[in-house]
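Please treat every number below as a calculation from the coordinates, not as lab data. These numbers come from a predicted model, not from an experiment. Don't worry about glycine lacking a Cβ; one is built from the backbone with ideal geometry, like all the others, and counts go over all protein chains shown.
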Amino acid sequence: MAGLHGRFLWYELLTTDVEAAKAFYTKVVGWGTRDASMPGMAYSLFIAADAMIGGAMNLPPDVAGADATPRWIGYVGVDDVDAAAERVRQLGGAIRTPPTDVANISRFAIVADPQMASLALIKGRQSGQQEPASLRTRGRVGWHELLTTDCEQALAFYRELLGWQKDIAYPDVTGTYQQFSAGGQAIGGLLTKPPNFPASFWLYYFNVGDIDAAAKRVTAGGGQILNGPIEAPDGSWTLQCLDPQGAAFALIGKRSYQAVGFMERVLPRPSAK
């Protein structure tokens with residue numbers, strides 16, 4: 001599992017309508033889908049170029065509060081799920097789902113950082129499985145962004161838990177946009193969440209081709225554009241969106257023309273290399 005500790009390995013959509021969500025993301029991002037249901041649990045896989053990148057399932061009936069809303073959750077590889085979960089407690093976080101085995105797959109736990117943003121921890125992939133693809137591979141997740149109430153405390157938490165390191169920091173409209181790295185590669189950023197967002201959360205950016213064409217697919221499919229296109233320092237453009245069930249997600253792509261009707265501003269995100 002060398003090289004996988006602290007790296008995002010999986011992404012899961014918890015939603016109120018799996019079939020509608022599958023139809024939306026296959027059109028917007030270009031994913032394929034595959035049924036992977038198990039006894040007692042319906043589960044669908046999202047596939048990009050024959051690689052499984054994530055899944056979708058119905059929201060568990062026993063969740064409450066902010067966790068009861070549709071959302072994406074990222075799974076980060078760790079060497080020892082039980083030890084990592086205990087470390088979460090020691091660092092002021094919380095355990096949402098205790099360490100649990102999934103037969104023939106792996107062991108995982110769902111946790112929350114001290115600002116209550118949820119993340120999953122998973123035992124690194126089995127021997128012989130591929131490592132995460134390039135951040136710029138079409139259909140994959142190209143950036144990971146934490147919107148939080150305390151960036152310094154959040155980064156300290158993840159540094160102790162996952163080994164993430166500070167990378168480049170930029171001025172932002174909310175203060176500072178702080179990139180972080182894993183294994184020497186910038187994989188995401190942290191920023192202070194806008195006051196209209198009720199809770200801290202992780203936002204995942206999916207790679208597409210033309211960002212303006214993708215924006216049209218979002219609205220045509222019943223989704224909502226919250227912000228963008230926004231230009232990043234590396235020349236890519238981003239959109240922040242809600243899917244039809246209310247789960248937040250974002251897109252990264254190139255721009256072949258200037259669209260009319262979208263807010264445009266330059267911000268230092270994302271600039272993964």
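When the helices of the chain are scored as -39500 (n - 2.57) per DSSP H run of n ≥ 4 and the total is divided over every residue, the value at 222 nm lands at -4500 deg cm²/dmol. Across the stretch 177-191, the residues whose backbone nitrogen lies under 17 Å from the label position 7 Å along the beta-carbon direction of Gln153 are 190-191.
In terms of Cα atoms, the Rg and Dmax of the stretch 141-254 work out to 14.4, 43 Å.
3J(HN,Hα) couplings calculated from phi for the stretch 203-216 with the Karplus curve 6.51 cos²θ - 1.76 cosθ + 1.60 (θ = phi - 60°) are, in sequence order, 10, 10, 9, 9, 6, 10, x, 7, 5, 6, 5, 5, 4, 5 Hz; Gly and Pro show x.
Return the subset of Lys27/Lys123; Lys123/Lys216; Lys193/Lys254; Lys166/Lys216; Lys123/Lys254; Lys27/Lys254 for which the Cα-Cα distance in this structure is over 29 Å, preserving the input order.
Numbers: Lys27/Lys123 31 Å; Lys123/Lys216 38 Å; Lys193/Lys254 26 Å; Lys166/Lys216 35 Å; Lys123/Lys254 34 Å; Lys27/Lys254 18 Å.
Those over the limit are Lys27/Lys123; Lys123/Lys216; Lys166/Lys216; Lys123/Lys254.
The mean sequence distance of close C-alpha pairs (under 8 Å, at least 6 residues apart), as a share of the length of the chain, puts its relative contact order at 17 percent. The peptide list 175-182, 159-166, 139-146, 194-201, put in order of mean Cβ contacts within 10 Å with the highest first, becomes 139-146, 175-182, 159-166, 194-201. In this rough spin-label picture, where each label sits 7 Å from Cα along the Cβ direction, the Lys216-Ala169 distance is 4.2 nm. Projecting the Cα atoms of Ala169, Ala48, Asn196 onto the charge dipole of the chain (Cβ charges, centred on the Cα centre) puts Ala48 farthest toward the positive pole.
Charge dipole (Cα centre; +1 on Lys/Arg Cβ, -1 on Asp/Glu Cβ; no other charges) of the stretch 141-254 amounts to roughly 180 debye.
The alpha-carbon of Lys22 sits under 20 angstrom from the alpha-carbons of these aspartates and glutamates, leaving out residues fewer than 8 places away in its chain: Glu12, Asp35, Asp50, Asp243.
For the chain, a crude dipole built from +1 on the beta carbon of Lys and Arg and -1 on the beta carbon of Asp and Glu, taken about the Cα centre, is about 520 debye to the nearest 20.
When the P(r) of the chain is calculated, the portion above 28 Å amounts to 31% of the C-alpha pairs.
Of the peptides 10-18, 93-101, the order by per-residue mean of other Cβ atoms within 10 Å, starting with the highest, comes out as 10-18, 93-101. Rounded to the nearest 20 debye, the dipole magnitude of the stretch 1-103 is 320 debye, with +1 charges on Lys and Arg beta carbons, -1 on Asp and Glu beta carbons, and the Cα centre as origin. Here the label points at Leu226 and Ala94, each 7 Å from Cα along the C-beta direction, are separated by 2.0 nm in the simple model.
In the chain, a dipole from Cβ-located charges (positive for Lys and Arg, negative for Asp and Glu) runs towards its positive end, and of Gln178, Ile73, Leu14 it is Gln178 whose Cα lies farthest in that direction. D for the stretch 16-77, whole µm²/s, Stokes-Einstein with Kirkwood Rh over alpha-carbon pairs at 25 °C and 0.890 mPa s: what number? Using the Kirkwood radius from Cα pairs, D works out to 193 µm²/s.
Roughly speaking, what is the stretch gain from Ser37 to Ala51, that is 0.36 nm per residue apart minus the C-alpha to C-alpha distance, in nm to one decimal? Don't skip to the answer; put the middle values down first.
Values: separation 14, 0.36 × 14 = 5.04 nm, distance 1.78 nm.
Using 0.36 nm per residue and subtracting the Cα-Cα distance, I get 3.3 nm.
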